[in-house]
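Undergrad: Following this message is one structure expressed as structure tokens.
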Amino acid sequence: MATTKRTVEVELSTSGLDAQGRPQRVPLAVDEGGNVVTMEAPPGIEPDLSGEHMLINLGPQHPATHGVLRLVLELDGETVVRCIPHVGYLHCGFEKIGEYRQYNQIIPWTDREDYLNSPGNNVAFALGAERLFGIEITERCKVLRVIACELSRIISHLVWLGTTCIDIGAFTPFLWAFQQREEVYEMLEMWIGARLTTSLTRVGGMGADIPDGFLEKLSAFVRGFPKVVDEIDRVITRNGIWVGRTVGLGVMSPEEAVNYGLSGPMVRASGVAYDLRKDFPYLDYETYDFEVPVGTNGDVYDRFLVRMEELRQSTRILDQAMKRLPDGPVNVDDHRVILPPKSKATSDMESMIHHFKQVMEGPRPPIGESYVAVESPKGEKGYYMVSDGSSKPVRWRIRPPSFVNLSAIPRMVEGHLLSDVIAINASIDIVMGEIDR
Amino acid sequence: MTEVNNDGSFAPVVAGSALGVDAPAPVTPKNLPHRGGEPNPSVDAMRRQFGAAVRRVDVVWGETTVVIDPARVHDVIRWLHDNPLERYDYLSDITAVEFRDLEQPLELVWHLRSLPYRRFLRVKALIARGAPLEVPTVWDIYKGADWLERECYDMFGIRFIGHPDLRRLLMWEQYAEGFPLRKDFPLRGRFSRSEQLRQALAANPEARYSKDELSIAEAFEDLPADMRRRLTTGERTGE
Amino acid sequence: MGLSPRPESRLVETTSNEPWITTKLDAFVNWGRKNSLWPMPFGTACCAIEFMATAASKYDLARFGMERQAFSPRQADLLICAGRVPFKLAPVLRRIWQQMPQPKWCISMGACASTGGMFDNYAVVQGIDSIIPVDVYVPGCPPRPEGLLYGIMMLQKKVENERSSDKSLRNEMEPDPETQLYIPPSVIDEVSEPFGNSIHQTRSGL
């Protein structure tokens with residue numbers, strides 16, 4: 001048969017067979033003269049495996065990695081033999097830029113690192129800064145901050161729930177969860193003007209007091225939300241597919257969980273009753289009546305149950321907080337940290353000077369350092385601030401719960417199947433913004 | 001330990017378990033003094049045990065900071081972890097602080113918690129300017145130190161002696177500009193924006209495998225015996 | 001500048017020499033394309049959450065034909081870069097864009113993707129338009145779902161105005177071979193200076 005015009009005669013410089021005698025794919029390229037030449041494989045891309053195991057790369061762009069996480073998996077068939085996570089694809093220099101911003105200017109930054117828990121991060125930072133400044137906040141501010149933290153916990157767990165359901169295959173709970181998030185978004189927008197990245201607190205108080213109608217909306221939410229949780233519960237908790245895909249995966253024993261530094265629902269699902277709200281309390285959490293769910297097996301299913309129960313307990317705390325919200329000022333009465341109201345700043349000379357000084361230079365804490373950790377939905381979220389007396393911190397360190405939780409993923413994933421990797425990754429509830437900062 | 005009671009019910013590991021049933025419930029700290037507050041009870045025990053290795057103790061805003069000799073870091077933290085009266089079983093954080101004032105040393109900070117005793121302790125080691133930036137690792141004590149130490153290396157250039165895999169974590173491995181959180185590193189980096197872009201685009205995203213990944217086939221021997229058995233007999237898990 | 005010529009952005013005059021059948025065909029093809037854009041959400045940070053909220057029930061991207069979100073670039077028309085892009089992620093974004101087949105468009109969602117946003121530091125690309133060609137920029141931090149929908153509708157108008165007679169539209173727009181960037185380095189440096197974005201008010205005229 002005559003050869004077609006497409007046939008190309010190429011003389012390979014290699015024999016075309018690898019060390020084991022199997023045909024080897026040789027990359028080809030076309031040079032300027034139109035000749036086909038062999039290309040050397042770039043170094044480091046094709047490791048010489050003994051042929052049994054397959055190396056695959058999951059991410060960084062992948063729908064199920066919850067952000068830009070890259071997992072390099074060595075597979076024996078479908079079983080994961082080794083997992084090496086690569087992070088840093090969302091590293092944006094938060095801690096560096098914190099050294100160039102005043103304390104109140106850092107608050108918008110705290111929104112964006114764990115962007116699912118913006119109000120909670122704002123509260124955590126404000127608590128740390130207030131400890132550094134030595135300020136005691138008002139009672140109303142404390143209760144409002146508890147409301148913010150618990151709303152934040154609810155919306156974070158709703159995202160976790162929606163995306164985990166999608167990962168494992170159920171699409172509808174995602175839509176239900178996001179519809180509830182919209183309810184909370186409306187409340188936050190009413191309060192502070194923003195839906196997602198709220199910048200809710202200021203050092204010494206809050207950005208704004210709650211408007212009229214907020215408490216009505218909140219009580220309607222508190223009444224309606226448990227029904228949605230029950231509905232989602234009915235659909236998935238006893239579902240055969242769900243149980244089959246989550247029970248027994250990614251087990252961490254309690255000693256391991258503590259040694260790896262896991263926190264939040266990860267460590268509680270493993271059977272360790274450790275919640276910062278109970279053990280190292282802040283914002284008078286010891287005066288609220290709530291329970292902390294603790295799992296027994298430490299697998300993905302237990303983490304799911306722990307978070308579902310936390311949704312209910314958060315609603316309980318919100319109910320109590322609403323009822324005990326005292327009247328009074330929301331900001332501390334200290335002109336060195338709190339901006340005067342706009343009407344006074346534009347009319348009264350002294351207020352104008354305070355305003356000017358605070359905006360241009362910023363409040364200056366005494367020399368010292370503080371580490372305040374709160375129970376974020378992901379775990380122990382800590383802000384470590386070191387002050388040298390100037391208005392910008394010398395060091396602003398974010399202790400990210402997802403970072404430490406994710407470092408245990410090789411331990412959890414090795415020995416399981418590839419599809420289990422997705423379920424286990426979803427159960428850790430990671431936020432790459434927090435991990436990479 | 002996770003205990004299962006005689007009737008088969010599950011008993012969780014409870015934080016504060018070493019304090020006894022009469023201990024007061026924890027409360028939100030209020031009106032903390034700037035300096036001179038009540039130090040953590042572990043401080044006296046540390047002084048007795050380590051003597052001069054405990055250089056200084058500060059209590060700032062109610063938080064106890066113990067400054068120790070950098071060479072003794074591993075011993076001190078190992079003792080804090082193992083001693084049954086201290087039991088600092090939880091590592092919260094490892095970080096470093098560099099001051100703008102060039103006279104001040106670089107501080108390395110370990111945040112430790114004792115869950116059974118409900119205590120929080122900050123351990124610091126100061127490294128003078130000009131001294132080599134090296135400290136022993138605590139990875140063998142706390143597995144959670146793995147990534148925390150890698151990040152410290154990436155951001156500050158501090159080498160943790162004994163760490164199994166000390167390479168960059170947040171920046172890419174061939175990152176040439178330096179250690180970002182050092183004070184002599186400018187906010188916007190050392191190179192111009194277009195140069196930074198060029199360098200970033202030149203890094204082939206798939207070529208950044210670590211030496212671990214390239215020698216993965218050899219790692220089979222290092223897997224635990226039961227996992228090797230499961231993989232060779234074809235047993236499947238998680239179904 | 002070393003870049004391939006940009007598509008003509010002026011409106012095509014109706015008194016052009018194009019036969020009516022071509023304009024009708026264009027209208028039909030563009031109608032199909034704009035109402036069935038399959039987005040690939042290259043979601044990195046907070047904007048990705050607002051994108052998810054836009055895709056959820058209340059704002060509902062499905063009514064724009066974007067029901068099927070393509071997570072594989074090979075099956076996508078529209079790359080929505082939602083979130084900040086650090087330098088480590090830049091080659092990944094470039095690789096994903098190159099994997100998308102023509103016709104393809106790009107929306108840069110949010111301040112960080114458009115200009116680097118509040119992250120003017122060593123780690124973040126100051127605008128993805130130096131790495132990939134962008135069609136629509138949506139400002140906001142994060143943009144409200146209505147804002148993103150407005151950007152999508154603006155893109156739909158752009159798609160509607162494309163003409164098949166303009167062959168350059170479907171050419172793969174390559175970066176400058178020497179610098180591998182879509183914007184000349186001197187311009188990048190000038191615009192990325194502190195306050196550079198406010199001195200140079202618009203980037204679309206580059």
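Taken together, the values in this text are just the output of simple stated rules run on the coordinates, not laboratory data. Everything quoted here is computed from the prediction, not taken from an experiment. Every residue, glycine as well, gets a Cβ built from its backbone with ideal geometry; the counts of neighbours run over all protein chains shown.
Undergrad: What's the center-to-center distance, using Cα atoms, between the range A:218-276 and the range A:316-388 in Å?
TA: 34 Å
Undergrad: Something else about it: Taking the 0 to 90 degree range and rounding to the nearest ten, how far is the long axis of helix A:300-324 tilted relative to the main principal axis of chain A, both from C-alpha atoms?
TA: Taking Cα atoms only, the helix is inclined about 20 degrees.
Undergrad: In whole angstrom, how long is each semi-axis of the equivalent ellipsoid of the range A:234-293, when you take the square root of 5 times every eigenvalue of its Cα gyration tensor and sort them from largest down?
TA: Result for the range A:234-293: semi-axes of 27, 18, 7 Å.
Undergrad: Okay, next question. Using the Cα atoms of the protein assembly as shown to build a convex hull, what is its mean projected area in square nanometres?
TA: Result: a mean projected hull area of 44.7 nm².
Undergrad: Using only the alpha-carbon atoms, what does chain A span along each of its principal axes? Please give whole angstrom values in decreasing order.
TA: Principal extents (largest minus smallest coordinate, Cα): 96, 54, 42 Å.
Undergrad: Roughly how tilted is helix A:349-360, in degrees to the nearest 10 and between 0 and 90, from the longest Cα axis of chain A?
TA: On a 0 to 90 degree scale, this one is about 20.
Undergrad: I want to verify a result. In a Gaussian network model of chain A, Cα cutoff 10 Å, which of these has the top mean-square fluctuation: A:Val267, A:Val294, A:Val81?
TA: A:Val81
Undergrad: May I pose another question? With label points built 7 Å along Cα→Cβ from the Cα atoms of A:Gln105 and B:Asn31, find their separation and express it in nm.
TA: Distance between the two pseudo-spin positions: 3.6 nm.
Undergrad: Between A:Ser390 and C:Trp31, what's the calculated FRET efficiency when r is the beta-carbon distance and R0 is 56 Å? Round to 0.05.
TA: Calculated value: 0.40.
Undergrad: Further question on the same structure: Using a 10 angstrom cutoff on alpha carbons, build the Gaussian network for chain C and name the most mobile of C:Pro19, C:Pro133, C:Pro101.
TA: Greatest mean-square fluctuation among the candidates belongs to C:Pro19.
Undergrad: If you don't mind, there's one more thing I want to ask. Quick one: length gained pulling B:Leu102 to B:Arg190 fully straight, 0.36 nm per residue minus the C-alpha distance?
TA: Full extension from B:Leu102 to B:Arg190 adds 29.7 nm.
Undergrad: Along its three principal axes, how long is the range C:37-195 when you only count alpha carbons? Whole Å, largest extent first please.
TA: 42, 38, 25
Undergrad: Can I ask one more? If I take the Cα coordinates of the range B:3-170 and project them onto the principal axes, what are the three extents in Å, biggest first?
TA: 60, 39, 30
Undergrad: Considering only DSSP states other than H, G, I, E and B, which trypsin sites (Lys or Arg not before Pro) in the range A:97-199 qualify as loop sites with at most 10 other Cβ atoms within 10 Å?
TA: For trypsin sites (Lys or Arg not before Pro) across the range A:97-199 that sit outside H, G, I, E and B with at most 10 neighbouring Cβ atoms in 10 Å, the list is empty.
Undergrad: Too long at a 32 Å Cα-Cα cut-off: which of A:Lys217/C:Lys157; A:Lys217/C:Lys158; B:Lys30/B:Lys183; A:Lys378/B:Lys124; B:Lys183/C:Lys88?
TA: A:Lys217/C:Lys157; A:Lys217/C:Lys158; B:Lys30/B:Lys183
Undergrad: Calculate the length of the line joining the C-alpha centroid of the range B:91-106 to that of the range B:138-165, in whole Å.
TA: Centre-to-centre distance over Cα atoms comes out at 15 Å.
Undergrad: Using a Förster distance of 25 Å, how high is the FRET efficiency between A:Ile367 and B:Ala131, based on the Cβ-Cβ distance and rounded to 0.05?
TA: Once the sixth-power term is evaluated, E becomes 0.55.
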